[in-house]
Amino acid sequence: MKALWRILTARMIRRRQAVRATTAKTLLRTGTTTAVLVGTGGPMPSQRAQSCTALFANGQFLLFDAGDGAARRIEALDLPLGQLRAVFLTHYHADHFADLGEIIDRSWILGRRHRLPIYGPEGVEQIVNGFRAAYEREYSYRTAHHGPAVMPPEWSAAQAVAFDYDKDGEATQVYAADGVTVSAFAAQHPPVEPNVGYRIEHAGKVIILSGDTLPTAGLLEQSRGADLLIADVMAMDAVRQIQAANEAGRNDATAQIMRDIRDYHISAEALGTLAALAQVKCLALTHLAPPVDQTLLVNGLFKRPIAAHYSGKIVVGRDGTRIVVAR
Ligand SMILES: [Zn+2]
Ligand SMILES: [Zn+2]
């Protein structure tokens, strides 16, 4: 008789495979559009993975930013990483690209059989080439060990796709495939340049990803009537309190950082006003600063100040939050 642990292990593996297959089938169904907030944190320490949003549109798996913890979270959520089509970066703060090397490597190991395009404004080549250099030995060992049929060397590394965009005007289309388009528009996060937000369209549905930004006329225009706005948000008073606590504790450098960062993110109040003016149908919060989890704090710092201006649907993102835009 087989040992009990063997039976249990086999059952566990079968269950996990079944969940993965169902998740992939649901998300990759043609005609549907679903956003998954993979990582909803930013640079402030927390249990949340850093910036990363997955978008499944008409059978295509697109990823927007890949901060620290993104690859692990994608796997924990059973998202079909081997079928990743393309990655889009908003800007080059590390909390938006730190896990890019793992995303490229693991998607290849899990079956990706095309060169993964990494879209971004000028500077994306530097990021992608840097990861390629860092992972060169890793790729070669995998191919040497498992053979080129399982680990084809031609698909290991990614391909940087740099684009230009209009600094103060319309969105620029950077990707189009099977009825899905992605356009980039200028975001304001000084001194970070270049920096963009993204507009994703499929079958008349519009999803806006703000990126890290102050409220801008461009973001308002892009968001008008959007089905979903996924936005960066900062609770200014709470960050001010963290600054004060650090001043009291003589942590001068941290206190200064807490003062500086308040000038390049959108406040909850401003985001509520923008969402109301734009009449977005659903507002999802990501990149929460500070990255609190307790319901009391989430409601007090984010939900209530936004709801004071905006009466539409508010989704406070947690890692793994799924929002179905078209089914
Ligand atoms: Zn950020
Ligand atoms: Zn940033």
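When the range 29-53 is limited to residues that are closer than 21 Å to Val206 by Cβ and over 16 Å from the mean Cα position of the chain (by Cα), the one that is nearest to ligand 2 (Cβ to nearest atom) turns out to be Thr32.
Does Gln17 meet the test of being within 16 Å of ligand 2 (Cβ to nearest atom) and closer than 30 Å to Asp178 by Cα? So Gln17 does not fit the description; no. Quick check, is Gly111 over 30 Å from Phe185 (Cα atoms), free of Cβ contacts under 8 Å to residues at least 60 places away in the same chain and either within 16 Å of ligand 1 (Cβ to nearest atom) or open to solvent by 20 Å² or more (accessible area, probe 1.4 Å) (or both)? Considered against the rule, which asks whether it is over 30 Å from Phe185 (Cα atoms), free of Cβ contacts under 8 Å to residues at least 60 places away in the same chain and either within 16 Å of ligand 1 (Cβ to nearest atom) or open to solvent by 20 Å² or more (accessible area, probe 1.4 Å) (or both), Gly111 comes out as yes.
Okay, residues lined up against (1) open to solvent by less than 40 Å² (accessible area, probe 1.4 Å); (2) within 16 Å of Leu84 (Cα to Cα):
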position: Lys2; (1), (2): no, no
position: Ile7; (1), (2): no, no
position: Val19; (1), (2): no, no
position: Thr26; (1), (2): no, yes
position: Thr34; (1), (2): yes, yes
position: Leu37; (1), (2): yes, yes
position: Gln47; (1), (2): no, no
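The single condition among (1) closer than 30 Å to Asp212 by Cβ; (2) free of Cβ contacts under 8 Å to residues at least 12 places away in the same chain; (3) of a type in the set (A, V, I, L, M, F, W, C) that Trp5 does not satisfy is (1). The test for being open to solvent by 50 Å² or more (accessible area, probe 1.4 Å) and either part of a loop (DSSP other than H, G, I, E, B) or within 16 Å of ligand 2 (Cβ to nearest atom) (or both) holds for Asp68. Within the range 203-215, the residues that satisfy the criterion of being within 16 Å of ligand 1 (Cβ to nearest atom), of a type outside the set (A, V, I, L, M, F, W, C) and out of contact with any Leu (no Cβ under 7 Å at 6 or more places or on another chain) are Gly211, Asp212.
The values are calculated or read from the model by the stated rules, or taken from the named source; none is laboratory data. This structure is a prediction, so every number in the text was calculated from the model and none was measured. Here Cβ is always computed from backbone atoms with ideal geometry, including for glycine, and neighbour counts include all displayed protein chains. We work out accessible area using only protein heavy atoms, side chains counted, and drop any ligands, DNA or RNA first. Shrake-Rupley method; radii C 1.70, N 1.55, O 1.52, S 1.80 Å.
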